[in-house]
Amino acid sequence: MAYQTGDTILDDEYNTFATGSIGGSATDSANVNNIWGTGSGDRGYGQTTTVSSVSAGSNVTATQWSTLLSRITTIGAHQGTSLTAMTSPSAGDEVAIIGAISGNITSLHTNRLNKSRNGTNEGTFNSDSTGNWTASAIQEATVTFDSADEARYYFNAGGYLQIDPALVSYTDDAKARSWDALTQMCGSIRFNAQGTTVSGNTTSATVTEAHTSTNTTLATTIGYYDMTTSYQTIFVQTLTTSGSPYISGGANNVKIEAKSNGTQGSNSDAGTIITFKISFLDASSDQTYDKAEYNPLDIMDGTVRNSISRIPPSSLYLTATWGTTAAAQASATHT
């Protein structure tokens, strides 16, 4: 039904705001319950205190209006969305009064993946592997969610997974210092609902000598909902240090890829197991040198460490419906 100033608010209008349906038929995905409740895909925080619809022809009580507005306010606080001031309508009020409610719900729907803060780190798992390598040190690490919907709620409400590459406890030589610097320049790679971001990365670092790298290659449009069951590259950091033998023929680089175990539930999730493949790739031609002649330019040792942190949503305004996660190393190879 089309509304204009001067009309009165009907129960159907309230139901559209609350549940997105009139007479049991869905009319609008931008409604309170679709964000607050189970939802589907990248909609839904998994909260159980959804707003009830009213029966056709029934009066909408002051309590029902108050509950609806309270949910809108709470969602806005969680997201950090600025809302237009609202006052609970009364019977016979003109439809002009609902403009703020409608506009606010639209804003909440647009900003549904935003968050004003995050929860406390659920835990950091250090995926460590040791052993000499000349061409590559590759790890696969998994993060597992208890259920498909809990994975959705985790990312929908603003949770993310963070990867921090590092090289530690190595024999101190020029090549090892170069790799140490490169991992430091990577910063913290953050895997979100609909994209990958990076924090604290840089194009220069000093580990005895000054080292440089390219600007990060980042897959800003590949996040949880963009995963498939095949690996996709989400991050690359490449060494560019002028005069370095480790960019001859091909530059040493850190590469991160992600995949999932595919859809597991009925609400358009993207999987319950996320696997990250973190590769330290020694692409330079120094690996063909004779170690005895070139003062160990070739062989790397130490510990390759990829720290996987699980940063859940904030439970300040929401009940933690996303459960817990578990991180583990799936494989590690040094060649």
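Read-outs: derived from the displayed coordinates by stated rules, not from any lab. Given the structure is predicted, the values throughout are model-derived calculations rather than measurements. Here Cβ is always computed from backbone atoms with ideal geometry, including for glycine, and neighbour counts include all displayed protein chains.
General observations
- With the helix formula -39500 (n - 2.57) applied to DSSP H stretches of n ≥ 4, the chain reaches a computed 222 nm mean residue ellipticity of -6000 deg cm²/dmol.
- A simple rule links phi to the HN-Hα coupling: the Karplus curve 6.51 cos²θ - 1.76 cosθ + 1.60 with θ = phi - 60°, which for the range 164-170 gives 10, x, 7, 10, 10, 6, 9 Hz, with x for Gly and Pro.
- Highest-fluctuation residue, Asp164, Asp286, Asp173 considered, GNM on the chain with Cα pairs under 10 Å: Asp173
- Non-local Lys pairs in the chain, i.e. 8 or more apart or on different chains, that have alpha carbons under 20 Å apart: 4
- For the pair Thr319 and Ser29 in one chain, pulling the backbone fully straight at 0.36 nm per residue adds 102.2 nm over the alpha carbon distance.
- With the simple model of a label 7 Å out from the Cα in the direction of the Cβ, Ser248 to Asn59 spans 8.8 nm.
- In Hz, Karplus ³J(HN,Hα) per residue of the range 256-266 (6.51, -1.76, 1.60; θ = phi - 60°; x = Gly, Pro): 10, 10, 9, 8, 9, 8, x, 4, 10, x, 10
- Span from the the range 206-220 Cα centroid across to the the range 140-205 one, whole angstrom: 14
- Candidates Leu316, Leu167, Leu113: whichever shows maximal mean-square fluctuation once the chain is modelled as a Gaussian network with Cα springs under 10 Å: Leu316
- Kirkwood hydrodynamic radius of the chain, Cα pairs, Å: 22.4
- Built amide H within the under 5 Å cut-off of Ser127, gap 5+: Asn306, Ser307, Ile308
- DSSP H segments from the chain that extend 24 Å or more along their own axis, Cα-based, with Kyte-Doolittle mean of 1.6 or above: none
- Once both labels are positioned 7 Å from their Cα atoms along Cα-to-Cβ, the gap between Ser116 and Ala210 label points is 4.5 nm.
- Once Rg and the Kirkwood radius are both taken over the C-alpha atoms of the range 125-277, their ratio Rg/Rh works out to 1.02.
- Cα-centred dipole magnitude for the chain, charges only on beta-carbon of K, R (+1) and D, E (-1), debye, nearest 20: 240
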